[in-house]
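Participant: Next up is a structure, given as structure tokens.
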Amino acid sequence: MPSIISVIDDDPSVRLATNNLLTSRGYTVYTFGSAHEFLQSAELDTTSCVIADVQMLAMSGVELLTHMRSLGRITPFIFMTAFPDEAVRDRALKAGATCFLAKPFSTPKLLQCLEAALTGADEAKL
């Protein structure tokens, strides 16, 4: 059974590009425009990995990760951001993120992070 990846980003073009890339690699992908939309979805229980933007309205990606952990959910998270900030990166990694990617990032780097997230490898330094 293919891994289910949930992509959460408030930018429709990023959601579409990430969806196209991952579906072309055989993943089942669901996209969401906000953390709240994801939290209300049926995919909350079936997602193998979350790829989320850091900066979103209402609830940031790091806030989403913290919320998920407080609910006892251990779904792997990969963060992507157009505004890399060392303090936010540190907070995300301490909260349990697998990877923190600055946009634009390469396809191989995203796939490497995704593989690490799905296999439980520690790629936090990426």
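Read-outs: derived from the displayed coordinates by stated rules, not from any lab. Small disclaimer: the values here were computed from a predicted structure and weren't measured. Every residue, glycine among them, receives a Cβ derived from its backbone with ideal geometry; neighbour counts consider all protein chains shown.
Participant: Kindly establish whether residue 35 is of a type in the set (A, V, I, L, M) and touching a Phe, Trp or Tyr at 6+ places or on another chain (Cβ under 9 Å). Steps first, answer last, please.
Facilitator: Details: of a type in the set (A, V, I, L, M): yes; touching a Phe, Trp or Tyr at 6+ places or on another chain (Cβ under 9 Å): no.
No; evaluated as a whole, the condition is false for this residue.
Participant: Right, another one. Considering only region 103-123, state which residues are among the aliphatic types (A, V, I, L, M) and surrounded by 15 or more Cβ atoms within 10 Å (Cβ to Cβ).
Facilitator: Step one: list which residues in region 103-123 are among the aliphatic types (A, V, I, L, M), which gives 110-111, 114, 116-118, 121.
Residues satisfying the conditions are 110, 114, 116, 117, 118.
Participant: Turning to a different aspect of this structure: Suppose we keep only residues that are in a helix (DSSP H, G or I) and among the charged types (D, E, K, R) within region 51-97. Which one would you say is surrounded by the fewest Cβ atoms within 10 Å (Cβ to Cβ)? I'd like the intermediate steps shown before the answer.
Facilitator: So in region 51-97, the residues in a helix (DSSP H, G or I) come out as 61-70, 86-95.
Now restrict to residues that are among the charged types (D, E, K, R): 63, 69, 86, 89-91, 94.
Working: 63: 14, 69: 14, 86: 8, 89: 19, 90: 11, 91: 17, 94: 10.
The extreme case among them is 86.
Participant: Just need a number here: residues in region 87-105 that are of a type in the set (Val, Ile, Thr) and under 18 Å from residue 117 (Cβ atoms). Let's see the steps before the verdict.
Facilitator: So the first thing to find is which residues in region 87-105 are of a type in the set (Val, Ile, Thr), and the list is 88, 98.
So of that shortlist, the ones also under 18 Å from residue 117 (Cβ atoms) come out as 98.
Residues meeting the conditions: 1.
Participant: Would you please name the residue that is surrounded by the fewest Cβ atoms within 10 Å (Cβ to Cβ), looking only at residues in region 1-29 that are under 21 Å from residue 71 (Cα atoms) and either out of contact with any Lys or Arg (no Cβ under 6 Å at 6 or more places or on another chain) or touching a residue at least 60 places away in the same chain (Cβ under 8 Å) (or both)?
Facilitator: In the first step, residues of region 1-29 are kept if they are under 21 Å from residue 71 (Cα atoms); the result is 4-8.
If we keep only those that are either out of contact with any Lys or Arg (no Cβ under 6 Å at 6 or more places or on another chain) or touching a residue at least 60 places away in the same chain (Cβ under 8 Å) (or both) too, we end up with 4-6, 8.
Numbers: 4: 15, 5: 26, 6: 23, 8: 28.
Across region 1-29, the extreme among qualifying residues is 4.
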